[in-house]
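Engineer: This is the structure I want to talk about, given as structure tokens.
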């Protein structure tokens, strides 16, 4: 499923389900899904930062190992 198909599916779901909901129920769902989306965004940011730190540390480790290999070759 591509982005356009997903957007169409979400719109169709929202339109069809909204017909069956009172304004109060609709407002509650808006609040719930807003909070859910905000929480997902927070989790995504934290994971992204952690992955960036892990990748940077891995790169530093590889660079350090390469430098040690060069020094070892030069001393032999």
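Quick note: the coordinates plus some simple rules give every number you see, no bench work behind them. Everything quoted here is computed from the prediction, not taken from an experiment. Note: ideal-geometry Cβ built from the backbone for every residue, glycine included; neighbour counts use all protein chains shown.
Engineer: Of all the Cα-Cα pairs you can form in segment 1-48, what percent are over 13 Å apart?
Structural biologist: 68 percent
Engineer: Grab the DSSP H runs of the chain that are 4 residues or longer, score each as -39,500 (n - 2.57), total them, divide by all residues and round the 222 nm result to the nearest 500 deg cm²/dmol.
Structural biologist: Counting only the DSSP helices, I get -33000 deg cm²/dmol.
Engineer: Describe numerically, in nm with one decimal, the distance between label points set 7 Å from Cα along Cα→Cβ at residue 42 and at residue 29.
Structural biologist: 2.5 nm
Engineer: What is the spin-label model distance, in nm, from residue 59 to residue 8 if the labels are put 7 Å beyond Cα along the C-beta direction?
Structural biologist: The modelled label-to-label distance comes out at 4.0 nm.
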